[in-house]
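The values are calculated or read from the model by the stated rules, or taken from the named source; none is laboratory data. Everything quoted here is computed from the prediction, not taken from an experiment. Ideal geometry is used to build each Cβ from the backbone, glycine not excepted, and the neighbour counts take in all protein chains shown. Each accessible area value is taken on the protein alone, full model and side chains, heavy atoms only, with ligands, DNA and RNA left out. Shrake-Rupley method; radii C 1.70, N 1.55, O 1.52, S 1.80 Å.
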Amino acid sequence: MLSFLESDKPDITSSNLWGSLDNLFITNQSEFRECGNNTSEPDGCRVLMGIMHSTRPHYGVQFHPESVATHYGRQIFQNFKKITTEVGLQTQLLQEKKVHGIGKLERSQINSADLRSFVATDLLHAERLKLWDSFGPCVLSKQNTGGKCLQLRWKKFDKFLNRLGGSENIFSVLFGHKNAEDTFWLDSSSVDQNRARFSFMGGKGGPLWKQMTFHLSNQRVNCGGNLTIRDAHGHTVRSFLKGGFLDFLDKEMQSIQYNEKDYEGLPFDFHGGFVGYIGYGLKVECDASSNNAKSSTPDACFFFADNLVVIDHNNGDVYLLSLHDEYSSCNGDGNCQNSAHSSWLANTEKKLLRMDAMAPRLSINGNSSINGNSFTRSSNVNKQRFVIEKSKDEYIRDVQSCLDYIRDGESYELCLTTQMKKRTDYMNALQLYLKLRKQNPAPYAAWLNFSSENLSICCSSPERFLRLDQNAVLEAKPIKGTIARGRTPEEDECLRLQLKYSEKDQAENLMIVDLLRNDLGKVCEAGSVHVPRLMDVESYKTVHTMVSTIRGTKMSNLSPVDCVKAAFPGGSMTGAPKVRSMEILDSLETSPRGIYSGSIGFFSYNKTFDLNIVIRTVVLHDGEASIGAGGAIVALSDPESEYNEMLLKAKTPTKVVEECSQQVYNPDRSDSMQTTLS
């Protein structure tokens, strides 16, 4: 079998790559049965690629003309239509029924779901537009129900980043006091090769700040759930959301009005709004029918951030942004009282200027003290090591079960995962995150702390789930295929090439690319979904990964949340086909994934969003650290290798937790720089 990269060579023609469809049909059923049972032949039994009924005009071909790697998908459709038509015309029964139109589909017989799965990628753009207009998804129009009219004020500090000692210094000084409670940091800690450019950070802010915490009421589809909203003063409101959290988030965003001129000149997409995570369990609000168990952490948790700091890593610029609600801050004659957000802008500017003045004495990086809090070595604290949920033998049995499902035709690819946990009493979560971002810098890293939930998330994800920018362009960047870095430059390059040309990893990546093309096709303009980068190898500090990029233009009548619901959870964490794969994984995995495999990021008030895939992440909750890891199982998978790949992905996060476990955190020493600079 040719690998994709070999089949991509221009001198491979349709005839010698795909062969003639006439040669694919098995006309002798006894030959088929003999082949199916004969496993002793030197070359093994041929893979079944086509079948024809011996007496009836029934035919089947095992091809994927819709795949992005299929160069001649349209020709395959035409050839199959031609052959079936010619054979049908030779049958007296079909002749009497005037079958000259065989191969043409009556529109009345096609529903929209069938159409989306049938239409080939390389059909003519005009044809796809015509079909989509007739059968596209029915989308209920949404109307603003009133609410907020947000106004944005911002200020830019040119080339200020290096003068302040970097983004870690800025976060620690502005938001690191009180153990960084109720703070966020969407952290582009790896900006190599322009993978990411901006970081966003903030804490408990002004009058618009609130925290939204959601728990599913049960683990079935359309179950709804319980929402708790807490404002900056600690006041809480609880309610039951019959439509679920994503429906609530959609209505919240639709209720916001704004003026586009407010953010003219800003080079980034997040200008304030919702920051937090969507847990894997919210798949029941998308395509999944159920969850295997209830998560101990909230199924979704977000802040509404009205004040934030933005860092441009390319130019070294620092931005301060503040939102206020014109409806609530204006009196009857139209004059607005902007004291709250004006005060935050002024105070934060003063802190930045003092940091600049103190720069020679201000060096947090590399110190063993975070904000003045003391850490000492101890051999008696947190000595317990990580406990993996599944033993090696159990995990390998699960991999074998996945292979059985794949060979039975239940799935093409299954992303099997497991969890490892460890008690972490007396651990400083922010220090852990700062260590993690140094040892495993990543473009979609994140820190989140929700003090009311005793929850901190330390994420070093290299993978984007989905982004929607101001030009209505959706982008997904799935990772499938991972290998460790080498110890020497020569070994490292050898391993990189090994990943690049691995048939198994190419298969993993290709199937998820096609899955995401299908997901984006549900919400994008017909003909706009494309793959600008297929199976590129990206190198990080500890691993090489195989990454593809899929883009499309969002339909104008759909909301940002509609786009997320069409693609969540990320296909790289489920497998393909997605719905059946999730069902199988729920039957194999004994505990809920929780935050792992979900998404962290933002939904900006002006209807853009950017979400990662939660991998390479430590979740600290109620005195316990948990880390999820796994890998995609395909027909070529080796169970032992899959187990080793799972351990490789968890290696750096577990190492950082173990290192931090050797230190005793003393919160009583509180001579923090926050106090000095306030």
*Taking the Cα atoms of segment 473-555 alone, what are Rg (to one decimal) and Dmax (as a whole number) in Å?*
14.6, 48
*Between segment 433-449 and segment 243-304, what's the alpha-carbon centroid distance in Å?*
22
*Restrict the search to segment 479-564; then list the trypsin sites (Lys or Arg not before Pro) that DSSP places in a loop and that have at most 16 other Cβ atoms within 10 Å of their Cβ.*
R485, R487, K541
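Accessible area per residue, 1.4 Å probe, Å², for segment 473-555: what's the number? Provide the component values of the computation, followed by the final result.
On the way: 3070 Å² over 83 residues.
The answer is 37 Å² per residue.
Largest first, how would C301, C286 line up by accessible area (1.4 Å probe)? Spell out each step's value before the answer.
On the way: C301 0, C286 25 Å².
I get C286, C301, largest accessible area first.
Which FRET efficiency, nearest 0.05, do E583 and K261 yield, Cβ-Cβ r, R0 35 Å?
Step by step, r from the Cβ atoms, then E = 0.15.
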*Please tell me the relative contact order of segment 473-555 in percent, rounded to the nearest whole number, where contacts are Cα pairs under 8 Å and at least six residues apart.*
44
*May I ask you to list the chymotrypsin sites (Phe, Trp or Tyr not before Pro) in segment 544-632 that are in a DSSP loop and have at most 13 other Cβ atoms within 10 Å of their Cβ?*
none
_For segment 179-227 and segment 150-170, distance of Cα centres in Å_ = 20
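Could you sort D312, D492 by their accessible area in this structure, using a 1.4 Å probe and putting the largest first?
Listed by decreasing accessible area, they come as D492, D312.
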_Residue-normalised accessible area of segment 148-328, expressed per residue, 1.4 Å probe, Å²_ = 37
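How many percent of the accessible area of segment 473-555 is carbon or sulfur, using a 1.4 Å probe?
About 53 percent, which is the carbon plus sulfur part of the accessible surface.
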_Largest-first ordering by accessible area, 1.4 Å probe, given options C415, C494_ = C494, C415
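Considering only protein heavy atoms and a 1.4 Å probe, what is the carbon-and-sulfur percentage of the accessible area of segment 148-328? List each step's numbers first, then the result.
On the way: 2930 of 6710 Å².
Taking all protein chains in place, segment 148-328 shows 44 percent carbon and sulfur surface.
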*If ligands, DNA and RNA are left out, what is the accessible area of L620 with a 1.4 Å probe, given in Å² to the nearest 10?*
20
*For segment 148-328, what is the Kirkwood hydrodynamic radius in Å, using each pair of distinct C-alpha atoms?*
18.0
*Heavy-atom accessible area of M253 with all protein chains present, probe 1.4 Å, nearest 10 Å²?*
0
